[in-house]
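Contents: one structure, followed by commentary.
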C-alpha cells in the first residue's frame, strides 16, 4: 500500500513539473517579442536625457557604468556582445571613451544607426570656442580635436541642444510615435530651463563665489554659461607635481576660492592637501550622475553658500 502511494505521489510530482515547464514555454516566447528595442548611449547623463524623451518606447543602456571614468574606461567582451542587440548608438561627442572605442564599436555592430548629440554645440577649445554645426567624422583623427573640451552636458544651454538631437534621433528611429516624443521633449526642455533659472538665481546672491577649484576640469561649460572661473588640480591630465600643488594653494588665496570640488572617480588626496593648506571646503560632486538636475543645482548651491 505504501509503495503504491509512493508511486502515485511521484507521478503527481512529475505531472506538476511537466505542467510547470509547459506553462513557462509560451511566456518565454512572448516575452522575447515584447522586449523593448534598445538604444545605447555613452554616459549616465545621456541616459537621463534619452529616457526622459523615449519614455517606455525604448530601453536605454549606458556603455560607461556608474562610477567609472569615461576618459579611460575599457569595454568588457559582454558589453560588445550586448551592443549588437541595440538599434542605435547616441554618442556624446568627444569624450575619451568614444575616441578610443568608436571605430571598434562600429565594426563590431555595423547595423547600428549612429547619432551625434553634440551637433550644433559651440565647443570650447581651451580659451576659445568653435562653431560645431556640421556632422563630424571620427573623433581624435586631427590634432586640434585633442584640445576640445568634451564635458558638454554640464551646461543647461548645451543640454537643450543634446535634448533636441536626441528627440530628432528618436523620431528617425520610430516615426510612428513622433507625437509622443514631441510631448516628452517639451517637458524635458521645460525642466532644463527651470534648472538654468534656479542656478542663475543661486549664483546671483552677493555672497556667491565666482571662482572654484576642481580636480578634473569637468565644469568648463558650466563656468562658461555663468561667468565663473574654473581652476583644475590636474596638470595636462596628470597628477600635480609638488611645485604645482604649491601654486594651486597660493591661487586659492589670491583668487578668493572657497570651494574645491572632487569627483568620485578621482583620487582625492591632493584635493585634501590643498583644502587643508588653503583653508577651503571640499565638496563632492558627480558630473557623471544620472541625476543631472540635482547635480547642476548642487554645484550652484555649494558656490552660493558663504
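The values are calculated or read from the model by the stated rules, or taken from the named source; none is laboratory data. Predicted, not measured: the structure shown is a model, and the values here were computed from it. Cβ: placed from backbone, ideal geometry, glycine included. Neighbour counts: every protein chain shown.
Given the structure, is residue 261 assigned to a loop (DSSP other than H, G, I, E, B), crowded, with 17+ Cβ neighbours inside 10 Å and not assigned by TED's automatic domain parsing to the domain that holds residue 163?
So residue 261 does not fit the description; no.
Would you please name the residue that is farthest from residue 155 (Cα to Cα), looking only at residues in the range 77-109 that are in a loop (DSSP other than H, G, I, E, B) and modelled with pLDDT of 90 or more?
85
Which of (1) more than 26 Å from residue 65 (Cβ to Cβ); (2) in the same structural domain as residue 166 (by TED's automatic domain parsing) does residue 224 not meet, given it meets every other one?
Of (1) more than 26 Å from residue 65 (Cβ to Cβ); (2) in the same structural domain as residue 166 (by TED's automatic domain parsing), only one is false for residue 224: (2).
Looking at the structure I just gave you, is residue 39 touching a residue at least 60 places away in the same chain (Cβ under 8 Å) and in a strand (DSSP E or B)? Break it down stepwise before answering.
Working: touching a residue at least 60 places away in the same chain (Cβ under 8 Å): yes; in a strand (DSSP E or B): yes.
Taking the combined requirement at face value, the residue satisfies it.
Matching residues to (1) within 24 Å of the chain's Cα centre (by Cα); (2) on the phi > 0 side of the Ramachandran plot:
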site: 228; (1), (2): yes, no
site: 237; (1), (2): yes, yes
site: 242; (1), (2): no, no
site: 246; (1), (2): no, no
site: 254; (1), (2): no, no
site: 257; (1), (2): no, no
site: 260; (1), (2): yes, no
site: 263; (1), (2): yes, no
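With the requirement that a residue be in a helix (DSSP H, G or I) and at pLDDT 90 or above, what does the range 139-164 give you?
Selection gives 156, 157, 158, 159, 160, 161, 162, 163, 164.
Tell me, yes or no, whether the range 67-75 has at least one residue that is at pLDDT below 90, part of a helix (DSSP H, G or I) and assigned by TED's automatic domain parsing to the domain that holds residue 195.
Looking through the range 67-75, none of the residues is at pLDDT below 90, part of a helix (DSSP H, G or I) and assigned by TED's automatic domain parsing to the domain that holds residue 195.
Scan the range 283-295 and give yes if some residue there is touching a residue at least 60 places away in the same chain (Cβ under 8 Å), assigned to a helix (DSSP H, G or I) and touching a strand residue (DSSP E or B) at 6+ places or on another chain (Cβ under 9 Å), otherwise no.
Looking through the range 283-295, none of the residues is touching a residue at least 60 places away in the same chain (Cβ under 8 Å), assigned to a helix (DSSP H, G or I) and touching a strand residue (DSSP E or B) at 6+ places or on another chain (Cβ under 9 Å).
Which residue out of 56, 116 is surrounded by fewer than 13 Cβ atoms within 10 Å (Cβ to Cβ), modelled with pLDDT of 95 or more and within 26 Å of residue 184 (Cβ to Cβ)?
56
Would a scan of the range 229-244 turn up a residue that is at pLDDT 95 or above, surrounded by 15 or more Cβ atoms within 10 Å (Cβ to Cβ) and farther than 20 Å from residue 286 by Cα?
No, the conditions are met nowhere in the range 229-244.
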